[in-house]
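A.B. asks: Below is a structure I'd like to ask you about.
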Amino acid sequence: MIGVLGPTSRTASISPDVNDPGYRNTSFDELRATYREAVEGLIDGGADTLMVETIFDTLNAKAALYAIEEVFDARGARLPVMISGTITDASGRTLSGQTAEAFHASLAHARPLSIGLNCALGASDLRPHVEALSDVSPYYVSAHPNAGLPNAFGGYDETPEDMAEVLREFARSGLLNLVGGCCGTSPDHIRAIAEAVRGLPPRQPRNVLEQAA
């Protein structure tokens, strides 16, 4: 069972007051303490993997990963950790301004089981950023996009068949190790995606040392 740690409703890197760019309504230590409480609860509740996901601010994610390490040290045992960021718009960056490659570079020190992207964009729009991660990461790569972009009523229009076809291309191109759905997806979407990628070989993680040589 995967225990999920979301981004919270606050950002440690950006001011919520446009008239005071230096203001913050949270801090690294406040986030760390909140995340530690969540980590303890998830593990006590039976989680055997932890996922820090929908990361729009890498500093928030670093607080979560620090809290996870504190709990692991205190308990004398570790669980696999997955990381998933979110590209917020057509700029191809997280809310705190990082490209997919920079996001990876900032968090690779955590040695996660996987690193990937979710939320915000539909599968088609997410593809170049997943490919960018796939090109640089020695870890498994994940993607669980939205069912397209939200429509005028806040709903999602991409059908299970449409979404599955796009994600099948991801898998056939060797970009993915783990795949699923985020906002707007239903059990029908997940079934269609699972069937679409069934039997396709998983991505082979990059050997960064060999690449550099």
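The values are calculated or read from the model by the stated rules, or taken from the named source; none is laboratory data. Keep in mind it's a predicted model, so treat the numbers as computed, not measured. No Cβ is skipped: glycine too gets one built from the backbone with ideal geometry, and neighbour counts run over all protein chains shown.
A.B. asks: With crowded, with 22+ Cβ neighbours inside 10 Å and either more than 16 Å from Q204 (Cα to Cα) or more than 16 Å from the chain's Cα centre (by Cα) (or both) as the only criterion, which of S84, S91 stands out?
C.D. replies: S84
Yes/no matrix, rows are residues, columns are (1) farther than 22 Å from Q204 by Cα; (2) crowded, with 16+ Cβ neighbours inside 10 Å; (3) among the aliphatic types (A, V, I, L, M); (4) under 14 Å from the mean Cα position of the chain (by Cα):
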site: S96; (1), (2), (3), (4): yes, yes, no, no
site: H109; (1), (2), (3), (4): no, no, no, no
site: S114; (1), (2), (3), (4): no, yes, no, yes
site: V136; (1), (2), (3), (4): no, yes, yes, no
site: G148; (1), (2), (3), (4): yes, yes, no, no
site: D157; (1), (2), (3), (4): yes, no, no, no
site: R172; (1), (2), (3), (4): no, no, no, no
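A.B. asks: Sticking with this structure for a sec: Please find, among A123, A90, A67, the residue that is at pLDDT 95 or above and either aliphatic (A, V, I, L, M) or in contact with a Lys or Arg (Cβ under 8 Å, 6 or more places away or on another chain) (or both).
C.D. replies: Result: A67 is the single residue among A123, A90, A67 that is at pLDDT 95 or above and either aliphatic (A, V, I, L, M) or in contact with a Lys or Arg (Cβ under 8 Å, 6 or more places away or on another chain) (or both).
A.B. asks: Right, something else. Identify all residues within the range 16-55 that are at pLDDT below 95 and of a type outside the set (S, T, Y); write none if there are none.
C.D. replies: P16, D17, V18, N19, D20, P21, G22, R24, N25
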